[in-house]
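Chemist: Just dropping this structure here.
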Amino acid sequence: MRVGLFIPCYIDQFYPQVGIATLELLQKLGCEVVYPQGQTCCGQPMANSGYEHLTHDCNQLFTKNFADFDYIVGPSGSCVLHIREHLHDPAAATAAAGIRSRIYELTEFLTDVLKVTSLPARFPCKVGLHQSCHGQRGLGLAQMSELVAPPFSKPEQLLQMVEGVELVALDRKDECCGFGGTFCVTEEAVSVKMGKDRVADHVKHGATVITGTDVSCLMHLEGILRRQQQPVKVMHIAEILNQNLHEQANS
């Protein structure tokens, strides 16, 4: 299985360890992983700001970089959702359509494609899981609490496979953190208040680590935690799932 590794801009620039953890995790699970060196922004920030008509070059480059892989996997629900719903290339319509059907966020790839049932990982911490909106409501990574339907969560399913993880129960487990891309710039006061509410929920229930599938949301929460001088770490789920059992046992 040949997988194209899609690493969003903010991970590449600010949280490269998340990209590395994603690469290592996929390789541990038997995937042949390739990182196309020419990849750039997927175009989501422009599209979300009302300038989707200017994303043609991004779409064209993305199609060129990822057309030949069996699957495309990225550690970001929002960017993956953007490609799945908005990637169009008139010059290569068939290739673009193929990419839209073969691109996956990391946790859904592990549960739905690789069908992972166990992980050789250990992470003895109290973990609060932040369910990001794009992943939950756009990609269907977890059930929405307002629906009268059986609950499920693909990220939670994977975290439960990690030895030592104690998932804390939150009061409002699928509430938005307030990041929202450019929303946190144009409506910064509302954004910060929403983020403070999410942080308070995790702190109240004793989480020592907050994790999730979107670094953008985690970056927002991390900024608030730092300003409050809270002793709570923020880690992308790939970093936790990639924790080596042998190394942890001997650390």
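Chemist: Inspect all residues belonging to region 52-67 and state whether any of them is surrounded by fewer than 16 Cβ atoms within 10 Å (Cβ to Cβ) and in contact (Cβ under 8 Å) with a residue 40 or more places away in the chain.
Modeler: No, region 52-67 has no match at all.
Chemist: Okay, next question. Being in a helix (DSSP H, G or I), out of contact with any Lys or Arg (no Cβ under 9 Å at 6 or more places or on another chain) and either surrounded by fewer than 18 Cβ atoms within 10 Å (Cβ to Cβ) or not basic (Lys, Arg) (or both) narrows it down to one residue among Gln39, Gln27; which is it? Step through it out loud before you land on a result.
Modeler: Values: Gln39 fails: in a helix (DSSP H, G or I).
After ruling out the rest, the residue left standing is Gln27.
Chemist: List, please: which pairs have Cβ atoms under 8 Å, are six or more places apart or on different chains, and start with a residue in region 2-16 that is closer than 15 Å to Leu106 by Cβ and open to solvent by 70 Å² or more (accessible area, probe 1.4 Å) and end with one that is among the polar types (S, T, N, Q) and assigned to a helix (DSSP H, G or I)?
Modeler: Sorted first by the residue in region 2-16, then by its partner, the list stays empty.
Chemist: Can you name the residue in region 118-152 that is open to solvent by 40 Å² or more (accessible area, probe 1.4 Å) and not in a loop (DSSP other than H, G, I, E, B) and is also nearest to Ala169 (Cα to Cα) among such residues?
Modeler: Here the answer is Lys126.
Chemist: Further, regarding this structure: Yes or no: region 80-96 includes at least one residue that is of a type in the set (Val, Ile, Thr), outside any helix (DSSP H, G or I), open to solvent by 60 Å² or more (accessible area, probe 1.4 Å) and free of Cβ contacts under 8 Å to residues at least 40 places away in the same chain.
Modeler: Among the residues of region 80-96, not one is of a type in the set (Val, Ile, Thr), outside any helix (DSSP H, G or I), open to solvent by 60 Å² or more (accessible area, probe 1.4 Å) and free of Cβ contacts under 8 Å to residues at least 40 places away in the same chain, which makes the answer no.
Matching residues to (1) at pLDDT below 95; (2) open to solvent by less than 20 Å² (accessible area, probe 1.4 Å); (3) in contact with a helix residue (DSSP H, G or I) (Cβ under 8 Å, 6 or more places away or on another chain):
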| residue | (1), (2), (3) |
| --- | --- |
| Ala169 | no, no, no |
| Arg172 | yes, no, yes |
| Glu175 | yes, no, yes |
| Ser191 | yes, yes, yes |
| Met194 | yes, no, no |
| Thr208 | no, no, no |
| Gly212 | no, yes, yes |
| His220 | yes, no, yes |
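Chemist: Hey, among the residues in region 105-117 that are of a type in the set (Asp, Glu) and either more than 27 Å from Val232 (Cα to Cα) or not in a helix (DSSP H, G or I) (or both), which one's least open to solvent (accessible area, probe 1.4 Å)?
Modeler: The selected residue is Glu105.
Chemist: Related question: With respect to the numbered conditions (1) farther than 30 Å from Asn244 by Cβ; (2) outside any helix (DSSP H, G or I); (3) free of Cβ contacts under 8 Å to residues at least 40 places away in the same chain; (4) small (Gly, Ala, Ser), which one is the sole condition not fulfilled by Ala189?
Modeler: (2)
Chemist: Now a separate question. Note down all Cβ pairs under 6 Å where the first residue falls in region 19-47 and is more than 23 Å from Leu61 (Cβ to Cβ) and of a type outside the set (Phe, Trp, Tyr), the second is open to solvent by less than 20 Å² (accessible area, probe 1.4 Å) and part of a helix (DSSP H, G or I), and they're at least six residues apart or on different chains.
Modeler: Ala21/Ala238; Leu25/Ala238; Leu25/Leu241
Chemist: Follow-up question, since we're still on this one. Can Leu159 be described as touching a His at 6+ places or on another chain (Cβ under 9 Å), aliphatic (A, V, I, L, M), open to solvent by less than 30 Å² (accessible area, probe 1.4 Å) and under 24 Å from Glu32 (Cα atoms)?
Modeler: no
Chemist: In the list Arg198, Arg226, which residue meets the criterion of being in a helix (DSSP H, G or I), basic (Lys, Arg), farther than 20 Å from Gly19 by Cβ and open to solvent by less than 50 Å² (accessible area, probe 1.4 Å)?
Modeler: Result of the check over Arg198, Arg226: Arg198.
The values are calculated or read from the model by the stated rules, or taken from the named source; none is laboratory data. The structure displayed is predicted, hence computed values, not measured ones. We place every Cβ from the backbone using ideal geometry, glycine too, and count neighbours over all the protein chains shown. For the accessible areas, the whole protein counts, side chains as well, though only heavy atoms, and no ligand, DNA or RNA atoms are used. Shrake-Rupley method; radii C 1.70, N 1.55, O 1.52, S 1.80 Å.
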